[in-house]
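Enquirer: I'd like to ask some things about the structure below.
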Amino acid sequence: MAGAPQSALPWYEREDTWAIIIGLGLTFLITIAFFAGGMGFFKTMAVSISSWEFGKMDKLWVSLGKSTTGMIYLFVFFMAAFCVAAKTMKLNVGNYAAGFTVLFIISLFITALGGNGTLKWFQLETPVLALLFGMLVSNLVTLPGWFKSALKTEFYVKTGIVLMGATLPFTIILQAGPMAMLQATIVAATTFFSIFFAATKLFGLDPRFGACLGAGGSICGVSGAIAIGGACRAEKEHVSVAISLVIVWAVVMVVLLPIWCKALGMDAGPAGAWIGTSEFADAAGFAAAANMGDERAIKTFTLMKVVGRDMFVGIWALMVAYLSVTVWEKKDGNGNGKERVDIGEIWRRFPKFVIGFFVASIFTTILIASVAPKVGAAYSKDALGVIKTLRGWTFTWTFLSIGFTTRFRELTATGWKPFAAFTIGVLINVPLGYWLSNHVFVDYWLNVK
């Protein structure tokens, strides 16, 4: 990535460290509150806006009115946490606080707009609206420096990924079943290597660029591109292009996949699994699965995408860090051999926030397994439900930050090759997902209730 690598900083000044502290700290606090019977504060803070329609604004105003206290809690909590992190990371806290205040207000507006039924019908969910709004503004006006200081894309997404770990206990992964995990593995591996091969062998792109593109198309979209970009120290433009392609194809697929599923007469179970193998972003995938009008589609999508594919972020990050250190960086630009890189660089390069993801997952796994089934179910619904909502806010700030820091001129400067490489992956992924979901593993998906 651009700038000094995080690994060169003291551990307490790194984004990864503070993403882990905030993500795990929030998970522990919510867990303590759950067992102490004091979830009120966190439930109030987990703000969500009810669906509403143009011409029928009453429901929106009522929802906003009921959420006022929660918005204050949400703002104060994350402002305090992020400002402590900013201070320790030696940022200008005054500028960051001012910038985050504006970012937060915009996120409220975007989230409220994302609840509109008409916009949802056009697949303009909150993440997509956040990205489009940010890109529109950043390419029309010059943003002030104090506002830019709060556009910490990687910090927000890293915090969100740690929170994601808490919502994916290994018990859920085990419940997905060996067939679901096998399909997820086939899809993730095939898509990653097809995009990587096309990028590097067909179009001659930098291997680190190819890894970012492959991760964005094969595992958890934007989060995957950022995590892998950090692991191999890709250029900022490489990560930005990968993110943009993920969003472009996610929007295309959120429209086309439900149409294809219905036209082919697919049952909801296999349809949701196909969407889970062929969508590139969680939010867009949920929207596509919901368009099937059957809860089974949402469940099978979740098993494939959120549980199956998203878990590969840690495995891919470790693999890419290893390849970057031992293979890609052993030659200079003229193809001449370089001095062997210290193997310890793999550990220094590995994105540490992924460790937070696994710690959070292991923590909730042990906790759910050690309590009575009814208590575990209540914890999953209440505590993890709150964490999912708060995770959604961190991703909204992520998408806004991506939009506000994306310049069309920078994206077009990379040419057509990244788009072609990613598209080749799409052309392999979509029919492969259909074949696996509707033929090879169809009996499994039909039996998911």
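Enquirer: Go through region 101-173 and tell me which helices (runs of 4 or more DSSP H), entirely inside it, have 3 or more residues that are out of contact with any Cys (no Cβ under 6 Å at 6 or more places or on another chain) and buried (at least 18 other Cβ atoms within 10 Å of the Cβ).
Expert: Qualifying helices (runs of 4 or more DSSP H): 126-140, 153-166.
Enquirer: Would you check which residues across region 372-399 are of a type in the set (A, V, I, L, M) and either in a helix (DSSP H, G or I) or surrounded by 14 or more Cβ atoms within 10 Å (Cβ to Cβ) (or both) and list them?
Expert: Passing the criteria: Val375, Ala377, Ala378, Ala383, Leu384, Val386, Ile387, Leu390.
One line per residue, one yes/no per condition, for (1) loosely packed, with under 14 Cβ neighbours inside 10 Å; (2) more than 24 Å from the chain's Cα centre (by Cα); (3) hydrophobic (A, V, I, L, M, F, W, C); (4) part of a loop (DSSP other than H, G, I, E, B):
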| position | (1), (2), (3), (4) |
| --- | --- |
| Arg409 | yes, yes, no, no |
| Thr414 | no, no, no, yes |
| Thr423 | no, no, no, no |
| Leu427 | yes, no, yes, no |
| Gly433 | no, no, no, no |
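Enquirer: Name the residue, out of Val313, Val241, Val254, Val222, that is in contact (Cβ under 8 Å) with a residue 40 or more places away in the chain, buried (at least 22 other Cβ atoms within 10 Å of the Cβ) and farther than 22 Å from Met135 by Cβ.
Expert: Val313
Enquirer: Only residues in region 170-191 that are more than 12 Å from Tyr444 (Cα to Cα) count as the first member; pair them with residues that are outside any helix (DSSP H, G or I) and modelled with pLDDT under 85, Cβ under 7 angstrom, at least 6 apart or cross-chain, and list the lot.
Expert: Ile173/Met311; Ala188/Ile219
Enquirer: Hey, any hits in region 16-29 for a residue that's closer than 25 Å to Pro169 by Cα, in a helix (DSSP H, G or I) and of a type in the set (Phe, Trp, Tyr)?
Expert: Looking through region 16-29, at least one residue is closer than 25 Å to Pro169 by Cα, in a helix (DSSP H, G or I) and of a type in the set (Phe, Trp, Tyr).
Enquirer: Could you tell me whether any residue of region 366-385 is at pLDDT 85 or above, touching a Gly at 6+ places or on another chain (Cβ under 7 Å) and hydroxyl-bearing (Ser, Thr, Tyr)?
Expert: So far as region 366-385 goes, no, none of its residues is at pLDDT 85 or above, touching a Gly at 6+ places or on another chain (Cβ under 7 Å) and hydroxyl-bearing (Ser, Thr, Tyr).
Enquirer: Taking region 114-146, which residues are among the aromatic types (Phe, Trp, Tyr) and either at pLDDT below 90 or under 26 Å from Thr389 (Cβ atoms) (or both)?
Expert: Scanning region 114-146 gives Trp121, Phe122, Phe133.
Enquirer: Among the residues of region 238-292, how many are in a helix (DSSP H, G or I), among the small types (Gly, Ala, Ser) and either under 25 Å from Trp416 (Cα atoms) or in contact with a strand residue (DSSP E or B) (Cβ under 9 Å, 6 or more places away or on another chain) (or both)?
Expert: Residues meeting the conditions: 6.
Enquirer: For region 73-101, name all the residues that are among the hydrophobic types (A, V, I, L, M, F, W, C) and at pLDDT below 95.
Expert: If the condition is that a residue be among the hydrophobic types (A, V, I, L, M, F, W, C) and at pLDDT below 95, then Met89, Leu91 are the ones that fit.
The values are calculated or read from the model by the stated rules, or taken from the named source; none is laboratory data. The shown structure was predicted, so the numbers you read here are calculated from the model rather than taken from an experiment. Don't worry about glycine lacking a Cβ; one is built from the backbone with ideal geometry, like all the others, and counts go over all protein chains shown.
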